[in-house]
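The structure appears below as structure tokens.
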Amino acid sequence: MKFKISLVMITFALVGIVALRATAGNSLFFGDPLPGLTTAQLNQFDAGKDEFMEEETVADGLGPVFNGKSCAECHSSPTVGGDSDTTETRFGTITNGHFDPLTQFGGSLIQSKGIGGEPDATCNIAGETVPAEATIKAKRRTTPLFGLGLVDSVPDQVFIAIAQLQKRFTPETAGRPNHIEVATGQAVGKFGWKSQVPTLKQFSADAYLNEMGITSPTFPTENCPQGNCGLLAICDSPPDPEDDGSGVQAFTDFMTFLAPPPRGPITRKVLAGEVVFFGLGCAACHIPVLKTGRNSITALDRVKFFPFSDFLIHDMGSLGDGIEQGQANGTEMRTAPLWGLQARKRLLHDGSATTVTDAILAHDGQGAESKQRFNALKAKDVTDLLAFLNSL
């Protein structure tokens, strides 16, 4: 009963917050830099965006296998820094009761293109394919990057505290942090479909390697095409690391200074729909408000923002993709942030949902009860709820 009372109080408080922030939200556009940046920081943002959009070549270190020639190739909708309909493939199997990424066959991520088709390539390397040994195959959709500098600036302890509060008050839907091993010990993962990446810097370096095949000081070891490392001595001509760290830093700067997505119009139906959203229990995982910690960058210093996610991993039952990353098992997925929902054409980790309703109905595991409540809603409440979600 105490939880229900506090939930009602939070609901009405957030209705007020929504109304107050409506005007400010409409002043931003998708792809804008954070408000309040200095001239030097805006210059970093612009330079990072240029690097983000630049196409890499074999001479730059592209390949030998890769998925795209630039970051913007996959992060393009509704503008640079967004998502896309592009999906990639991960695979693996179960060996002796444990997930096996089949690294001997180049797993678990497929790099679908090879440098054989590039004009400056000296080798004919084809893209990878899923090996016959794989019993698990999953599609992964590109994630939007808007506002991730704010997420990166939230202290790890905040996410740990959220998990503890969920365990106490809503144990049936409680999430947990994906603790990732880093050079200094452990860090809380925030990025990727399984929260398997702890920082934007690592996220940038990971993408540079796994999506474009370019090594850096963070990840200096090249991927072996389809697991055949012998090809690297013949076909990977630029010395490793192929990026001295400046490219990774530029990508990080762009994402760090990229503003969150703008909010759509706030109508009476939207406000009514937010109350329905809380009543269904959605906000237990899709937490509306987070706050950054102390930061030397004023635009990121103790700032409230509205991602509608706890960035924790939850057991989603059949909605899981079977892949394990970090401490996340095959049924666990990160709570998808809902901000920017208005601009997305496909939803869920595999892009299988084309409407918000489809995405809700696909919820399973810890999300199953909220789905059942959704199915029991009156028609007006459904309309209001969808109006709210489509305003995010």
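The values are calculated or read from the model by the stated rules, or taken from the named source; none is laboratory data. Predicted model only: the values in this text are computed from it and were never measured. Reconstructed Cβ throughout: ideal geometry from the backbone, glycine too, with neighbour counts over all protein chains shown.
Provide a single number: the residues in the stretch 172-218 that are of a type in the set (V, I, T), part of a loop (DSSP other than H, G, I, E, B) and farther than 25 Å from F66 by Cβ.
Number of matching residues: 1.
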Q. For the stretch 19-56, which residues satisfy the criterion of being modelled with pLDDT under 95 and either touching a Phe, Trp or Tyr at 6+ places or on another chain (Cβ under 8 Å) or over 16 Å from W339 (Cβ atoms) (or both)?
A. A19, L20, R21, T23
Q.
Condition first: in contact (Cβ under 8 Å) with a residue 40 or more places away in the chain, of a type in the set (V, I, T) and closer than 26 Å to I287 by Cα. Can you find one or more residues in the stretch 158-165 that meet it?
A. yes
Q: Go through (1) modelled with pLDDT under 95; (2) over 25 Å from F203 (Cα atoms) one by one and return the number of the condition A59 breaks.
A: (2)
Q.
So, in the stretch 239-297, how many residues would count as being of a type in the set (S, T, N, Q) and within 22 Å of V80 (Cβ to Cβ)?
A. 4
Q | First in the stretch 39-62 and over 16 Å from D240 (Cβ atoms), second anywhere and in a loop (DSSP other than H, G, I, E, B) and basic (K, R), Cβ under 6 Å, 6 or more apart | A | E55/K69
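Any idea which residue in the stretch 197-238 is nearest to N124 (Cα to Cα), counting only those that are charged (D, E, K, R) and either in contact with a helix residue (DSSP H, G or I) (Cβ under 8 Å, 6 or more places away or on another chain) or free of Cβ contacts under 8 Å to residues at least 60 places away in the same chain (or both)?
Restricting to residues being charged (D, E, K, R) and either in contact with a helix residue (DSSP H, G or I) (Cβ under 8 Å, 6 or more places away or on another chain) or free of Cβ contacts under 8 Å to residues at least 60 places away in the same chain (or both), the top hit is E222.
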(Q) Show the residue pairs meeting these rules: Cβ distance below 9 Å; 6+ apart or different chains; first residue within the stretch 93-117 and more than 25 Å from E332 (Cβ to Cβ); second residue of a type in the set (K, R) and not in a loop (DSSP other than H, G, I, E, B). (A) none
Q) In the stretch 362-385, which residues are hydrophobic (A, V, I, L, M, F, W, C) and within 13 Å of L280 (Cα to Cα)? A) A368, F374, A376, L377, V382, L385
Q. Taking the stretch 128-158 only, how many residues are surrounded by 19 or more Cβ atoms within 10 Å (Cβ to Cβ) and closer than 22 Å to D310 by Cβ?
A. 15
Q: Please state which one of A161, A183 is modelled with pLDDT under 95 and farther than 30 Å from T87 by Cβ.
A: A183
Q: Determine whether the stretch 338-345 contains at least one residue that is surrounded by fewer than 19 Cβ atoms within 10 Å (Cβ to Cβ) and more than 21 Å from the chain's Cα centre (by Cα).
A: no
Q) Which residues, taken from the stretch 53-92, are surrounded by 18 or more Cβ atoms within 10 Å (Cβ to Cβ) and either part of a strand (DSSP E or B) or among the basic types (K, R) (or both)? A) V65, F66, K69, S77, D83, E88, T89, R90, F91, G92
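Let's see how each residue does on (1) crowded, with 23+ Cβ neighbours inside 10 Å; (2) at pLDDT 95 or above; (3) of a type in the set (D, E):
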{"residue": "D244", "(1), (2), (3)": "no, yes, yes"}
{"residue": "D253", "(1), (2), (3)": "yes, yes, yes"}
{"residue": "T256", "(1), (2), (3)": "yes, yes, no"}
{"residue": "K269", "(1), (2), (3)": "no, yes, no"}
{"residue": "V275", "(1), (2), (3)": "no, yes, no"}
